[in-house]
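Here, each number is a calculation from the coordinates, and none is a lab measurement. Everything quoted here is computed from the prediction, not taken from an experiment. Every residue, glycine among them, receives a Cβ derived from its backbone with ideal geometry; neighbour counts consider all protein chains shown.
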Amino acid sequence: MLLVDKLVGHILPVRLVAFAFVGSLGLVVHLLVLTILFRGVDLPFVASQASATFIAMTFNYFLNNELTYRDMRLRGWAWMRGWISFTIACSIGALANVGVASYLFQLDTVWLLAAVAGVLVGVVWNFAVTMIYTWHRRPTNA
């Protein structure tokens, strides 16, 4: 975290960078689980996608709790309550991501830019909301 702070701390909050990094690892987990369930086990796509999403969210929560918010790590029942709030917040962030990307795509925005805009909205939403409701930290203290 100190290295990231030295590199980009003057531009972006370090926790946001760590949160986004964990999210990128979560994307890898998501795609791996999706591939195994959909292509390997031959489950229907929707069931595979939902399972992969749930597993990736849980992975992201675990890693964020251990790394991004290490100084305020949740344990015991607080861990479970945090996981529930994280999952709900990230589900809303996913809807915002898809909504923004779809809207921009319908405006004839290049699909890749529309997708990136959606991802950025989702990341910022997820970071801000989970920081407040999952780890009970106000953005000014990040």
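Please state, rounded to one decimal and in Å, the Kirkwood hydrodynamic radius that segment 26-96 gives when every pair of distinct Cα atoms enters the mean of 1/r.
Here the Kirkwood hydrodynamic radius works out to 12.9 Å.
Mind checking the dipole of segment 12-141: about its Cα centre, +1 per Lys or Arg Cβ, -1 per Asp or Glu Cβ, Debye to the nearest 20?
Rounded to the nearest 20 debye, it is 500 debye.
Identify, among GLN49, TYR133, VAL119, the residue whose Cα sits farthest towards the positive end of the charge dipole of segment 38-138, taking +1 on the Cβ of Lys and Arg and -1 on the Cβ of Asp and Glu, with the dipole about the Cα centre.
TYR133
Please report the orientation-averaged projected area of the chain, defined via the convex hull of its C-alpha atoms, in nm².
Approximately 9.8 nm², given one-decimal rounding.
What number, in percent, do you get for the relative contact order of segment 1-131 if the mean sequence gap of Cα pairs under 8 Å and at least 6 apart is divided by its residue count?
21 percent
Let me have the 222 nm mean residue ellipticity of the chain computed from DSSP H runs of 4+ only, each contributing -39500 (n - 2.57), with the sum over all residues rounded to the nearest 500.
Rounded to the nearest 500, the figure is -24000 deg cm²/dmol.
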